[in-house]
Amino acid sequence: NGYSLVRRVVERSGLAFEAEAPFAPGHTLGAALLTPTRLYVKSTLSVIRSTGAVKALAHITGGGITENLPRVLPDGTLARIDLTNLIVPPVFRWLSTVGGVEPDEMLRAFNCGVGMAVVVDATAEEQVAAAFANAGETVIRLGVIEPGAGKPHVTYEGTADFGFSA
């Protein structure tokens, strides 16, 4: 799981959990790595109520986009994700670079900055994005849902920025 991978990366880095986090100045490595997951309940409920356009929600936790998004999709679909749109937080760039963790593993183990995926009809995309932005959320267009074969799954195109420099 993600925490096992994080422990391996920290070991490889040679840093103590009490050391300053290279990706979060002013915070210890341990505190920075244990920052709680952001909660989206208030903004999500507000958007659902105000737009009526949300078809599905996927909380992106352990398992990342790769495992969590297919859980809300019907059979015969695929999610085509454009990785160039990801805004990868410094903690994930550090984990990838220092730990030598490949992008596919990063996307499977961590949320990589995507806390919630919201599925909407293309005709409601701008309305829902504006409602989330008005609720204080950062919105990116992850990709599209398309017909596919068999069980729902995710495909990736483009490249996310997993490079870290202190």
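Read through the list (1) of a type in the set (Phe, Trp, Tyr); (2) farther than 17 Å from Arg80 by Cα; (3) under 14 Å from the mean Cα position of the chain (by Cα); (4) open to solvent by 30 Å² or more (accessible area, probe 1.4 Å), then give the number of the only condition that Phe164 fails.
Condition not satisfied by Phe164: (3).
Report every pair of residues separated by at least 6 positions or lying on different chains whose Cβ atoms are under 7 Å apart, first residue within segment 15-33 and on the phi < 0 side of the Ramachandran plot, second in a strand (DSSP E or B) and aliphatic (A, V, I, L, M).
His27/Ala21; Thr28/Ala21; Leu29/Ala21; Ala32/Ala21; Ala32/Ala24
Which residue pairs have Cβ atoms under 6 Å apart, sit 6 or more places apart or on different chains, and have a first residue in segment 57-80 that is over 12 Å from Ala117 (Cβ atoms) and a second that is in a strand (DSSP E or B)?
Once the first residue is over 12 Å from Ala117 (Cβ atoms) and sits in segment 57-80, its partners that are in a strand (DSSP E or B) give Thr77/Ile145; Leu78/Glu146; Leu78/His153; Leu78/Thr155; Arg80/Gly143; Arg80/Val144; Arg80/Glu146; Arg80/Thr155.
Which one is most open to solvent (accessible area, probe 1.4 Å) among residues in segment 10-54 that are under 19 Å from the mean Cα position of the chain (by Cα) and among the hydrophobic types (A, V, I, L, M, F, W, C)?
So, considering only residues that are under 19 Å from the mean Cα position of the chain (by Cα) and among the hydrophobic types (A, V, I, L, M, F, W, C), the one most open to solvent (accessible area, probe 1.4 Å) is Leu39.
Can we say Leu33 is touching a strand residue (DSSP E or B) at 6+ places or on another chain (Cβ under 6 Å) and under 21 Å from Val114 (Cα atoms)?
When the stated conditions are applied, Leu33 does not pass them.
Spot the failing condition for Gly136; the list is (1) part of a loop (DSSP other than H, G, I, E, B); (2) under 30 Å from Phe23 (Cα atoms); (3) in contact with an Asp or Glu (Cβ under 7 Å, 6 or more places away or on another chain), and only one is missed.
(3)
For segment 118-140, does any single residue satisfy the condition of being closer than 19 Å to Phe162 by Cβ and open to solvent by less than 30 Å² (accessible area, probe 1.4 Å)?
No, segment 118-140 contains no residue that is closer than 19 Å to Phe162 by Cβ and open to solvent by less than 30 Å² (accessible area, probe 1.4 Å).
Determine whether segment 65-80 contains at least one residue that is out of contact with any strand residue (DSSP E or B) (no Cβ under 8 Å at 6 or more places or on another chain) and assigned to a helix (DSSP H, G or I).
Yes, because at least one residue in segment 65-80 is out of contact with any strand residue (DSSP E or B) (no Cβ under 8 Å at 6 or more places or on another chain) and assigned to a helix (DSSP H, G or I).
Only residues that are touching a residue at least 60 places away in the same chain (Cβ under 8 Å), in contact with a helix residue (DSSP H, G or I) (Cβ under 9 Å, 6 or more places away or on another chain) and part of a helix (DSSP H, G or I): list them for segment 94-122, please.
Trp94, Leu95, Ser96, Val98, Gly99, Glu105, Ala109
Test Arg38 against the stated conditions and say whether it is within 26 Å of Arg108 (Cα to Cα) and part of a helix (DSSP H, G or I).
no
The values are calculated or read from the model by the stated rules, or taken from the named source; none is laboratory data. Just so it is clear, the model here is predicted, and its values are computed rather than measured. Quick reminder, even Gly has a Cβ in these numbers, built from the backbone with ideal geometry, and neighbours come from all protein chains shown. Remember, those area values only see protein heavy atoms, side chains included, never the ligands or the DNA or RNA. Shrake-Rupley method; radii C 1.70, N 1.55, O 1.52, S 1.80 Å.
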